[in-house]
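Trainee: What follows is a single structure, and I will ask about it in a moment.
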Amino acid sequence: MKIVASAKFRLGRIGRGEDGSSIIELAIVFPVLLLLFAGTAELGRLFYTYSTLARATEVGARYLSMSRDAVSTDATKVAAAKLAAQSLVVCGYTNCAGKTPIVAGLSPAANVKVTLPATGAIVKYVKVEIQSYNYQPGVFNLAGLTGKANSVFYFALTPGTEMRYMP
């Protein structure tokens, strides 16, 4: 009798035991926490990239707003001022030869648009904007999750700055 009662007591303890339940809870919650962390990191990268591009357009617009060559009648001086502003936006220097861009995939000719004031305008504004720049996430590769290797998941970032021309 004592053996049967002892066996029932031990089997009852096994059924009520909570050893290992915390590991199971962790296994359930960990993927959700990992996704939240990765999403937060990716969103932070997106905002960082956008603010970097926005600051770069401000630098280019400030350069043009102070440059006398931007409104010159000489077309070569105007072209040189535009190219210098585009280079400032892309790499931080007036000449990008041998320099790395501030953001990967950014090029002066393809992504930076410079609008100069019209000749004879009373109020003159210069505008520098980034067009056709596609931000590609580094953490979340949705193309790999969907099984389509040629699909690209991106956000189009288009910051721009307009400043008054101050000769």
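The values are calculated or read from the model by the stated rules, or taken from the named source; none is laboratory data. What you see is a predicted model, and the numbers here were worked out from it, not measured in a lab. Don't worry about glycine lacking a Cβ; one is built from the backbone with ideal geometry, like all the others, and counts go over all protein chains shown.
Trainee: Among the candidates 61, 27, single out the residue that is modelled with pLDDT of 90 or more, assigned to a helix (DSSP H, G or I), out of contact with any Cys (no Cβ under 6 Å at 6 or more places or on another chain) and closer than 27 Å to residue 116 by Cβ.
Mentor: 61
Trainee: Taking the stretch 104-121 only, how many residues are within 23 Å of residue 134 (Cα to Cα) and touching a helix residue (DSSP H, G or I) at 6+ places or on another chain (Cβ under 6 Å)?
Mentor: Within the stretch 104-121, residues that are within 23 Å of residue 134 (Cα to Cα) and touching a helix residue (DSSP H, G or I) at 6+ places or on another chain (Cβ under 6 Å) number 4.
Trainee: Next up: Any idea how many residues of the stretch 29-43 are within 30 Å of residue 89 (Cα to Cα) and either hydrophobic (A, V, I, L, M, F, W, C) or under 8 Å from the mean Cα position of the chain (by Cα) (or both)?
Mentor: Count: 3.
Trainee: Next question. From the list 90, 123, 112, exactly one residue is of a type in the set (Val, Ile, Thr), out of contact with any Ser or Thr (no Cβ under 7 Å at 6 or more places or on another chain) and more than 13 Å from residue 164 (Cβ to Cβ). Which is it? Give the steps one after another, and end with the answer.
Mentor: Values: 90 fails: out of contact with any Ser or Thr (no Cβ under 7 Å at 6 or more places or on another chain); 123 fails: more than 13 Å from residue 164 (Cβ to Cβ).
Unique residue meeting the criteria: 112.
Trainee: Within the stretch 68-90, how many residues turn out to be surrounded by 20 or more Cβ atoms within 10 Å (Cβ to Cβ) and either in a loop (DSSP other than H, G, I, E, B) or modelled with pLDDT of 90 or more (or both)?
Mentor: 9
Trainee: Continuing with this model, one more query. Yes or no: residue 105 of a type outside the set (A, V, I, L, M, F, W, C), closer than 18 Å to residue 45 by Cα, touching a strand residue (DSSP E or B) at 6+ places or on another chain (Cβ under 8 Å) and at pLDDT 85 or above? Steps first, answer last, please.
Mentor: Details: of a type outside the set (A, V, I, L, M, F, W, C): yes; closer than 18 Å to residue 45 by Cα: yes; touching a strand residue (DSSP E or B) at 6+ places or on another chain (Cβ under 8 Å): yes; at pLDDT 85 or above: yes.
Criteria met by residue 105.
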